[in-house]
Amino acid sequence: MMYPAATMNNLRKDSMKKIGRVIKFYNSFFFVQVEDELIPCKLRGLLKRDKKIGSAVCVGDFVEISKLKDKSGVIENVQSRRNILIRPPVANVDRVILTFAVDAPKLHPLLLNRFLVLAEKSALDEIIICVNKIDLTAEKNFLSEYEPLYKILRVSAVTGEGIDELREILLAGITVFAGPSGVGKSSLLNAIDKNLKLKVGKISEKILRGKHTTRISELIKFGDGFLVDTPGFSAVDLIEAGLDKKNLWHCFKEFAPFAADCKFLNGCSHSHEPDCGVKAAVERGKILRERYESYLTLLAEISAERIY
């Protein structure tokens, strides 16, 4: 296992303690991978008193532990994080693959952009849009209008299209699969490697929505990296994620070059103000109107929640 340089320096200073990565949280234990050993650990009192357990220690964290005689351990300290997803909490994520379906369920632009905003707010290194069930459409360039902004993978768990490219991406780092129910995240992972044997939910014919089949966050070893199969963070409230009227637009990265042209440079919400560089860019076709309309909807949602 590779550790950050600062982590290795701390390890050398105190040979009685060990550094490992939290692989799973289950039944009040944090399971920490230290080289070839998986050690069930509890929290040291100071950390335990933090009522927000997810903010104290979570899956993906590098932690410093002390081993006990019964071969369990105690988490003494948590190393600094590069980033963290909010729900479920996963730290030090290298990439998120936002998975949607061409159809059944049909992809809604607002839902897509809500996921993208939450991923951007989490400061992840890489955001990829994965479109599953591409076999259900003749439009092979589905979501091509988003390609200037994000890498798009078009795949099919049924035909195997795009699976090799997806598998190659997963071989290093921590990859989180997120997306709405029923789009086939677990099916895709099973197509990548049958040994994963992830539980797949059936789609309700009545409502054309799937049920979440993944219940806990766990790092699943794959190649030299890890996978996290999760229902994702679609249910996370935007305000809970730390978004407000002033910072929402920063999660639409294509706005930045045009925001400098706004009349009210430091206070423009890019919604109703005159002489707004972002609005002008939308009219000129420099910003995708679908993205801008999603921005306005999410901005209104945040404003309404702030009132109450």
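Loop only by DSSP, 12 or fewer other Cβ within 10 Å of the Cβ. Give me the GluC sites (Glu not before Pro) in the stretch 65-147 that pass, ordered by residue number.
On the way: sites: E76, E120, E126, E139, E145; in loops: E139.
Passing both the DSSP loop test and the Cβ count: E139.
In whole percent, and with a 1.4 Å probe on the protein chains, what portion of the accessible area of the stretch 265-308 is carbon and sulfur?
On the way: 1330 of 2550 Å².
Result for the stretch 265-308: 52 percent of the exposed heavy-atom area is carbon or sulfur.
If the reach is capped at under 14 angstrom between alpha carbons, list the aspartates and glutamates near K140, excluding any in the same chain fewer than eight residues apart.
Counting by Cα, and skipping residues close in sequence, K140 has these aspartates and glutamates nearby: D103, E161.
Could you tell me whether the stretch 256-308 comes out rounded, prolate or oblate from its Cα gyration tensor? Rule is a ≥ b ≥ c as square roots of the eigenvalues, rounded for a/c under 1.5, then prolate if a/b exceeds b/c, otherwise oblate.
Working: a/c = 2.75, a/b = 1.42, b/c = 1.94.
Oblate is the answer for the stretch 256-308, as a/c is 1.5 or above yet b/c matches or exceeds a/b.
May I ask you to give the solvent-accessible area per residue for the stretch 233-303, in square angstrom, as obtained with a 1.4 angstrom probe? Before the final figure, lay out the partial values.
Working: 3560 Å² over 71 residues.
Accessible area per residue, the stretch 233-303: 50 Å².
Over 27 Å between Cα atoms: which of K246/K286; K69/K194; K185/K279; K263/K286; K106/K253 fall into that group?
K69/K194; K185/K279
So if I take the centroid of the Cα atoms in the stretch 73-124 and the same for the stretch 267-293, what is the distance between those two points in Å?
If you average the Cα positions of each part, the centres end up 27 Å apart.
Would you list, by chain and number, the aspartates and glutamates whose Cα falls below 17 Å from the Cα of K121, excluding same-chain residues fewer than 8 positions away?
Excluding near neighbours in sequence, the set is D94, D237, E240, D244, E254, E301.
The values are calculated or read from the model by the stated rules, or taken from the named source; none is laboratory data. Quick caveat, the model's predicted, so the values are computed rather than measured. In this analysis, Cβ positions are derived from the backbone assuming ideal geometry, glycine residues included, and neighbour counts consider all displayed protein chains. We work out accessible area using only protein heavy atoms, side chains counted, and drop any ligands, DNA or RNA first. Shrake-Rupley method; radii C 1.70, N 1.55, O 1.52, S 1.80 Å.
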